[in-house]
Structures are given as C-alpha cells and as structure tokens.
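Coordinate-derived values only; no laboratory data. Keep in mind that what you see is a predicted model, and the values were worked out from it rather than measured. Backbone-built Cβ (ideal geometry, glycine too); neighbour counts: all protein chains shown.
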Amino acid sequence: SQVYIHVFLDGRDVVPTSGVGYIKELEQKCKEVGIGEIATISGRYYAMDRDKRWERVEKAFQAICYGEGEKVLLPAEAVKRSYADQITDEFVLPKVVVDEQGKPKGMVRLGDSVIFYNFRADRAREITRAFVDRDFEGFTRREYPGVHFTCMTQY
C-alpha cells in the first residue's frame, strides 16, 4: 500500500546535471497518480558500482535499509545543493528523505517487495547481491533483508 522510490542518479549516460529535472518530473507524476514518494537518492558511483568497491555500495545500501546518510526534506533541493558544491549526479552521496520530524520516509524492511527497474546487468549485480544473497560478504549487514526482489533482467 505504500510505494517508496529509491532514486539512483546517472550523470554519465545523460547530461551530468539532468537528475534534478527527472526528480521533479517523478515527484509531479507521483502527485498526479496519488501514490509514491522518493525515499533516498544516490549517485550511480555508490549504488551501481561494478568493481567490488563494497564501501561505495554499502553507503547506498545503508541509506536504503537503515536510513543512514545525509537527511534531506526536499529531494530536488538536495540535488541542487550537490550541484552548487560541484557534485554531479553520478557522484551524489546517498541522501535519506525524511519527514518534518526527521524520520526516514521509506526504508526497505524485512518482507518488503522491491522492484529494480535497471536494465543494465553489470552495474546492478552488487547492490542486488546485498539484498538477495543470504551469504553475502561484501560488507556487514545488520540482518538479511529478506525482501521479495524483482528485476528487469537477470543479474
């Protein structure tokens, strides 16, 4: 009944500062259809590493599952601040969207369903393993996420 979106910004295969526009479009569409909220934002440098730099993937995973990372109220404004600091989409540090009380909006929890909309397998494997591999050893998780994980291709 609750839909939370964990945004991975590109910045390499598209204009390096196009993410803020996509975020605004996404927020508008969620508002129009009456469902969905952005819960985290991460640059692909962190969320989509493919070279076993687990310390990067861990930062995105911790934001998504534990609400750890910079806390922000407004996703688009947070990305604009990154741009002002000369940080483009690819390198945006994981950010956790919180409510007015500072509580993370949508951490992934045991039993949740995750739909991963990435089509390119090479960059999706590592974070996918962190979610689905019971014997995962890339970094220490507090617990096995135990999610229902669906993806667009075989990773």
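Observations on the structure shown:
- Packing-based exposure ordering (other Cβ within 10 Å, fewest first) of C30, C65: C30, C65
- Calculated on alpha-carbon atoms, Rg and Dmax of segment 4-151 in Å: 14.5, 41
- Here the Gaussian network model covers the chain, with springs between Cα atoms less than 10 Å apart; of A39, A78, A63, A78 fluctuates the most.
- Looking at the chain alone, DSSP beta bridges between its own residues are antiparallel in about 20 percent of cases.
- For segment 1-57: rounded, prolate or oblate by the Cα gyration tensor [a/c cutoff 1.5]: oblate
- Helix-only CD estimate at 222 nm, as mean residue ellipticity for the chain, using -39500 (n - 2.57) per DSSP H run (n ≥ 4): -9500 deg cm²/dmol
- In plain terms, the residue of F139, F61, F131 with the fewest other Cβ atoms within 10 Å comes first and the most crowded comes last, giving F139, F131, F61.
- Among E70, E100, E58, the residue with the largest mean-square fluctuation in a Gaussian network model of the chain, with springs joining Cα atoms closer than 10 Å, is E100.
- Candidates G19, G67, G102: whichever shows maximal mean-square fluctuation once the chain is modelled as a Gaussian network with Cα springs under 10 Å: G102
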